[in-house]
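Beneath this line is the structure, given in structure tokens, with notes to follow.
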Amino acid sequence: MAAIIDGKAFAERLRARISAAAAAMPVRPGLAVVLVGEDPASQVYVRNKHAATVAAGMASFEHRLPANTAPDSLLALIARLNADPAVHGILVQLPLPAHLDATAVINAIDPAKDVDGFHVVNAGRLATGQPAMVPCTPLGCLMLLRDRLGSLAGAEAVVVGRSTIVGKPMAQLLIGESCTVTVAHSRTRDLADVTRRADILVAAVGRAEMIGAAHVRPGATVIDVGINRVARDGRSRLVGDVDFAAVEPLAGAITPVPGGVGPMTIACLLANTLTAAARIHGLPDPAGLLP
Ligand code: GUN
């Protein structure tokens, strides 16, 4: 029987520490969120981010633009936010409508305000071991792993998924922790053979319950990044990339879905906003929040 890693409780404690640190800051940290179009899931995410930002005592600036927004209008808004001293973090909700070039838009954000950590400069800093804004989801996973395991040095870590948002930065962070890191993906031959090596298994592929008992070494720490909506017994349910019922009996520890990694992502967005505000104003990085 695995220990259940309670990301919800961890995120609540982290958010309390962030609120206290924000209140103690000589400036009020501010986060601007840009939503283009009416994607229903994105609207829910943006609403949740706004509520969490306000609850942390930070300023929240929401910018909702129509789906047919011209590229130049969006870039002009980003330029205004880059120049706005009340804004320390800028997040452009993805996906963007198809006519907008997400890479160009993200790379127009001032890297110092790129709280998603998606700008090429931040990806490069992370890859070269320089202080970076780190993408929120892998940062949250790392916090849970450190809390559970202490030092990760020497551990065999397998990341399943090679996305820019989770898989690649997760691998970079684990290299930074001195893990032996393998990145597996949809073209990996004999996935189970690779994942069974893992002391630390991070599943970030977006395929419902694809990691089963045969993929997991007994005693492994399993971090499930997946959030997949499935119909089960006539009802809509959220499940991870890991088959929880099959893996939980043999894992050493495992994150549930929901209530595992998900709540950590928003908490880390707030942590990144606090860090961005501190760095922009030449204040020390808030202690104890980040790696
Ligand atoms: N859409 C889904 N997840 C994310 C995220 O972490 N950041 C942004 N900007 N958009 C998203």
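The values are calculated or read from the model by the stated rules, or taken from the named source; none is laboratory data. None of these values were measured; they are calculated from a predicted model. Cβ sites come from the backbone with ideal geometry, for glycine too, and all protein chains shown count toward neighbours.
Descriptive notes on the structure:
- Gly206 under 23 Å from the mean Cα position of the chain (by Cα), not hydroxyl-bearing (Ser, Thr, Tyr) and not in a strand (DSSP E or B): yes
- Test: residue in region 119-127 that is farther than 25 Å from Met170 by Cβ and either acidic (Asp, Glu) or without any contact (Cβ under 8 Å) to a residue 24 or more places away in the chain (or both): no
- Qualifying residue in region 29-38 (condition: assigned to a loop (DSSP other than H, G, I, E, B), within 16 Å of Arg279 (Cα to Cα) and not hydroxyl-bearing (Ser, Thr, Tyr)): yes
- Residue count for region 87-104, restricted to those that are among the β-branched types (Val, Ile, Thr) and near the ligand (Cβ under 10 Å from one of its atoms): 2
- Within region 213-238, being small (Gly, Ala, Ser) and surrounded by fewer than 14 Cβ atoms within 10 Å (Cβ to Cβ) holds for Ala214, Gly219, Ala231, Gly234, Ser236.
- Qualifying residue in region 275-287 (condition: surrounded by 22 or more Cβ atoms within 10 Å (Cβ to Cβ), modelled with pLDDT of 95 or more and either among the hydroxyl-bearing types (Ser, Thr, Tyr) or within 21 Å of Lys8 (Cα to Cα) (or both)): yes
- Residue satisfying condition, being closer than 29 Å to Ser19 by Cα and in contact with a Gly (Cβ under 9 Å, 6 or more places away or on another chain), within set Ile223, Ile280: Ile223
- Flag for Gly37 being surrounded by 15 or more Cβ atoms within 10 Å (Cβ to Cβ), at positive phi and within 13 Å of the ligand (Cβ to nearest atom): yes
- Between Ala251, Ala245, Ala271, Ala277, the distinction of being closer than 30 Å to Arg229 by Cα, in contact with a Leu (Cβ under 9 Å, 6 or more places away or on another chain) and either in a helix (DSSP H, G or I) or within 16 Å of the ligand (Cβ to nearest atom) (or both) belongs to Ala271 only.
For (1) among the basic types (Lys, Arg); (2) under 16 Å from Ala127 (Cα atoms); (3) part of a strand (DSSP E or B), each residue gets a yes or a no:
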| site | (1), (2), (3) |
| --- | --- |
| Asp147 | no, no, no |
| Ala157 | no, no, yes |
| Pro169 | no, yes, no |
| Val183 | no, yes, yes |
| Arg187 | yes, no, no |
| Arg197 | yes, no, no |
| Val202 | no, no, yes |
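- Counting the residues of region 208-243 that are in contact (Cβ under 8 Å) with a residue 12 or more places away in the chain and in contact with a strand residue (DSSP E or B) (Cβ under 7 Å, 6 or more places away or on another chain) gives 20.
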